[in-house]
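As structure tokens, the structure follows; a few thoughts come after it.
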Amino acid sequence: MDATGRTERFGGALGLDARATAGLLVLATRAPSLHNSQPWRFRLCPDRIELRADACRRLPVADPTGREQRIGCGAALYTLRLALVGAGIRPIVTRVPDARDPDLVAVVRRGGTVRASAEQQRLLDAVPRRRTHRRPFRETPVPGTARSALCRAAFEEGAWLQLVTEPAELVQLGTLAREAHTRQARDPAFAAEVAAWTGDAGVRDDGVPASAGGPRPAPVRPGRAPGNGPLIGVLSVHVDGPREDLRAGEALQRVLLTATAEGLAASFLSPLVEVPDVRDRVRRLLGGTRPPQVVLRLGHGAAGPATPRRAPVVEPG
Ligand SMILES: Cc1cc2nc3c(=O)[nH]c(=O)nc-3n(C[C@H](O)[C@H](O)[C@H](O)COP(=O)(O)O)c2cc1C
């Protein structure tokens, strides 16, 4: 049975019937997650939708603190918020409401009715088209209007997207990316975790199939002339912590959907934020006090195939 059928067993939420509620969850689970681990579960109650981080779907080697898992959950939360607005419901979100239960990452309630703005509708339409890019980018510069739209998307979700354009900083970032990549590749536990989640022939409904273009993008090329080809964008929030990680994920998805709507592709440079001392050097290189959460390449490139999704996992309310 498909996702809709499974969710119908549990009825609707927030005044929507079971089918409409299932449709929201299917959209939310189109969000990106580390190795397509889809590390989320939902609980449907008549007056709320709870979003939980699924402890069984953590990636303990790449993500020992669960930070990237919460970022993935934040991306699903942003998509759920957008889908609710699309359904005419103003979402009221409580983030990480219970310190004793940190896996309960968000509770979403109904806050009246709303009409999606043209911008929200554009982002909602982009949800099924968004993909992580794992192929070469074209050498076409990203226009200034798109750059501003990307930065504004992060800012409106309480985050910052810093575009790295200084040649010297790009060279140093490239050196750091290669160092982090090499250190991770040398770690047998890391290699085993990547192998467990990637390169499947397409029979699983999670993980990154071989057809999606391989597990890890090549590290940043040094010495790129500013203005040509993809941009490097560093997403940050004020500090680390469960709520902030979630907000970073919400901002990430808004940035990625904005990129899709602008006709841009995006890929991740996660080794830069997964190796702790490299992450700290990236923070210092960019002159900030804020720890970087996600490093993206944003540019022009042909869209690859979609990755699979599990039917949304729903617990009875
Ligand atoms: C926190 C986070 C880190 C990620 N890191 C990488 C990465 O290092 N390399 C990569 O190719 N994809 C990375 N991804 C993208 C996921 O692999 C991708 O979202 C997932 O496979 C689902 O595919 P989709 O984004 O095309 O829907 C990351 C995603 C998230 C949310």
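The values are calculated or read from the model by the stated rules, or taken from the named source; none is laboratory data. This structure is a prediction, so every number in the text was calculated from the model and none was measured. Glycine gets a Cβ as well: all are built from the backbone with ideal geometry, and neighbour counts include every protein chain shown.
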Exercise. Is it the case that some residue within segment 201-213 is of a type in the set (Lys, Arg) and not in a helix (DSSP H, G or I)?
Worked result: yes
For this session: Mind listing whichever residues of segment 92-120 are at positive phi and over 22 Å from the mean Cα position of the chain (by Cα)?
Result: GLY112
Seminar exercise, completed: Of the residues in segment 263-274, those that are within 12 Å of the ligand (Cβ to nearest atom), touching a helix residue (DSSP H, G or I) at 6+ places or on another chain (Cβ under 9 Å) and either farther than 26 Å from PRO242 by Cβ or not acidic (Asp, Glu) (or both) come to ALA265, ALA266, PHE268, LEU269, SER270, PRO271, LEU272, VAL273
For this session: Kindly indicate whether any position in segment 67-80 is touching a helix residue (DSSP H, G or I) at 6+ places or on another chain (Cβ under 7 Å) and hydroxyl-bearing (Ser, Thr, Tyr).
Result: yes
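Here's the yes/no breakdown for (1) part of a helix (DSSP H, G or I); (2) in contact with a His (Cβ under 8 Å, 6 or more places away or on another chain); (3) at pLDDT below 95:
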{"residue": "LEU235", "(1), (2), (3)": "no, no, no"}
{"residue": "ASP240", "(1), (2), (3)": "no, no, yes"}
{"residue": "LEU246", "(1), (2), (3)": "yes, no, no"}
{"residue": "GLN253", "(1), (2), (3)": "yes, no, no"}
{"residue": "LEU256", "(1), (2), (3)": "yes, no, no"}
{"residue": "ALA259", "(1), (2), (3)": "yes, no, no"}
{"residue": "LEU272", "(1), (2), (3)": "yes, no, no"}
{"residue": "ARG281", "(1), (2), (3)": "yes, no, no"}
{"residue": "ARG284", "(1), (2), (3)": "yes, no, no"}
For this session: Might you let me know whether segment 122-140 holds any residue that is free of Cβ contacts under 8 Å to residues at least 12 places away in the same chain and over 19 Å from ILE49 (Cα atoms)?
Result: no
Exercise. Among the listed residues ARG129, ARG178, ARG216, which satisfies the condition of being modelled with pLDDT under 95 and either in the same structural domain as LEU235 (by TED's automatic domain parsing) or surrounded by fewer than 19 Cβ atoms within 10 Å (Cβ to Cβ) (or both)?
Worked result: ARG216
For this session: Assess whether ASP277 counts as being assigned to a helix (DSSP H, G or I) and free of Cβ contacts under 8 Å to residues at least 24 places away in the same chain.
Result: yes
Exercise. Residues in segment 276-317 that are within 14 Å of the ligand (Cβ to nearest atom), among the hydroxyl-bearing types (Ser, Thr, Tyr) and over 20 Å from the mean Cα position of the chain (by Cα): how many?
Worked result: 0
Problem set entry | Lone qualifier among ALA53, ALA22, ALA18 - being touching a residue at least 60 places away in the same chain (Cβ under 8 Å), of a type in the set (Gly, Ala, Ser), touching a Lys or Arg at 6+ places or on another chain (Cβ under 9 Å) and more than 10 Å from the ligand (Cβ to nearest atom) | ALA22
Exercise. Out of all the residues in segment 132-158, which are touching a His at 6+ places or on another chain (Cβ under 9 Å) and buried (at least 21 other Cβ atoms within 10 Å of the Cβ)?
Worked result: PHE137, VAL142
Exercise. Picking from GLU139, GLU157, GLU169, which residue would you name as being modelled with pLDDT of 95 or more and away from the ligand (no atom under 16 Å from the Cβ)?
Worked result: GLU169
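To keep it simple, each residue is scored yes or no on (1) within 16 Å of the ligand (Cβ to nearest atom); (2) in a loop (DSSP other than H, G, I, E, B).
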| residue | (1), (2) |
| --- | --- |
| VAL61 | yes, yes |
| GLN69 | yes, no |
| GLY72 | yes, no |
| LEU80 | yes, no |
| ILE92 | no, no |
| ARG100 | no, yes |
| VAL108 | no, no |
| ARG115 | no, yes |
Seminar exercise, completed: Among the residues of segment 155-189, the number that are under 13 Å from VAL275 (Cβ atoms), among the small types (Gly, Ala, Ser) and in contact (Cβ under 8 Å) with a residue 24 or more places away in the chain is 2
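Restricting to segment 125-170, count the residues that are assigned to a helix (DSSP H, G or I) and of a type outside the set (S, T, N, Q).
20
Return yes when PHE42 is under 15 Å from VAL108 (Cβ atoms) and touching a residue at least 60 places away in the same chain (Cβ under 8 Å) and no when it is not. Let's see the steps before the verdict.
Values: under 15 Å from VAL108 (Cβ atoms): yes; touching a residue at least 60 places away in the same chain (Cβ under 8 Å): yes.
The answer is yes for PHE42.
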